[in-house]
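K.L.:
So that we are looking at the same thing, I have put the structure below in structure tokens.
What follows draws every value from the coordinates through simple rules; no lab data is involved. Keep in mind the model is a prediction, meaning the values are calculated, not measured. Using ideal geometry, Cβ is built from the backbone for each residue, glycine included, and neighbour counts are taken over all protein chains shown.
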Amino acid sequence: ETGVTQSPTHLIKTRGQQVTLRCSSQSGHNTVSWYQQALGQGPQFIFQYYREEENGRGNFPPRFSGLQFPNYSSELNVNALELDDSALYLCASSYGRGYTFGSGTRLTVV
Amino acid sequence: SQELEQSPQSLIVQEGKNLTINCTSSKTLYGLYWYKQKYGEGLIFLMMLQKGGEEKSHEKITAKLDEKKQQSSLHITASQPSHAGIYLCGADTSGNTPLVFGKGTRLSVIA
């Protein structure tokens, strides 16, 4: 079985730009969650998708949006990037209560 | 909302020594997860505990969940350089809910 794959691994963007991060779920997993991890902090929940519908959201503004596709892969979109958006973005897929995390995308906003 | 507090924030131990990391929840835990993270990388699943009093071991790492299900400890026996990294505890409030994480404990193992 394949694990969770995230792309790209690293990204540098300019303040005000938009970015799309991608995640391929582990085979058989129908739920995907996205987390933001700032330096020295634990991961913070952004939102979760189950069967292509958002079914949970953390304390993040609407400029953070997502999609889940029929094959359960997912995207995280961030508009109007701010310097504080610089972080490691983690995707986790799950089926029931087994969470598998990807290696993350390191986003730097300059 | 549920909050998890980990202690200590960082730890430096000599190779071969034992160590314990604690995770305390503000609410009764439904499920408690331990992950390990190398700097800037993804989370590696270690163990999940659900029942009060439950204890699980994998190689030299043992995790326990106390009877009241509000605290968990992670114990490493005879630490090795390969144990170095950030240890994160995460919790969910019911099935299929997103995980809430502590801030992590950074472990360094020196020769």
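K.L.:
Would you please report the Å³ per residue occupied by the convex hull of the alpha carbon atoms in the protein assembly as shown?
P.N.:
So the per-residue hull volume is 118 Å³.
K.L.:
May I ask for the net charge around residue B:54, where only other residues with Cβ less than 15 Å from the Cβ of residue B:54 are counted and Lys, Arg are +1 while Asp, Glu are -1?
P.N.:
Net charge in that neighbourhood comes out at +3.
K.L.:
Going by how many other beta carbons lie within 10 Å of each one, how would you line up B:29, B:19, fewest first?
P.N.:
Ranked by crowding around the Cβ, least crowded first: B:19, B:29.
K.L.:
What is the local net charge at residue A:107, summed over the other residues whose Cβ is closer than 13 Å to its Cβ (Lys, Arg +1; Asp, Glu -1)?
P.N.:
+1
K.L.:
Using the Karplus equation 6.51 cos²θ - 1.76 cosθ + 1.60 (θ = phi - 60°), what ³J(HN,Hα) coupling, rounded to whole Hz, does each residue of the range B:65-81 give in order, writing x for Gly and Pro?
P.N.:
Each residue's phi maps through the Karplus curve to give 10, 5, 4, 7, 6, 10, 8, 10, 10, 10, 10, 10, 9, 6, 4, 10, x Hz.
K.L.:
Principal axis extents for chain B, Cα atoms only, whole Å, descending order, please.
P.N.:
Dimensions of chain B along the principal axes of its Cα atoms: 41, 29, 20 Å.
K.L.:
Sticking with this one: Hey, any idea what the orientation-averaged projected area of the convex hull of the range A:2-88's Cα atoms comes to, in nm²?
P.N.:
5.7
K.L.:
Here is a further query. Within the set of other residues whose C-beta is less than 14 Å from the C-beta of residue B:7, count the net charge using Lys and Arg as +1 and Asp and Glu as -1.
P.N.:
Here the charged neighbours net out to 0.
K.L.:
Average partner chain C-beta neighbours within 10 Å, per residue of A:90-102?
P.N.:
The mean count of partner-chain Cβ atoms within 10 Å per residue comes to 4.
K.L.:
Next up: Rank these for me by crowding, A:57, B:106, going from fewest to most other beta carbons within 10 Å.
P.N.:
Final ranking by Cβ density, sparse to dense: A:57, B:106.
K.L.:
Same structure, new question: Subtract the Cα-Cα distance of residue B:5 and residue B:56 from 0.36 nm times their separation in residues, and report this length gain in nm to one decimal.
P.N.:
Additional length available on full extension: 16.3 nm.
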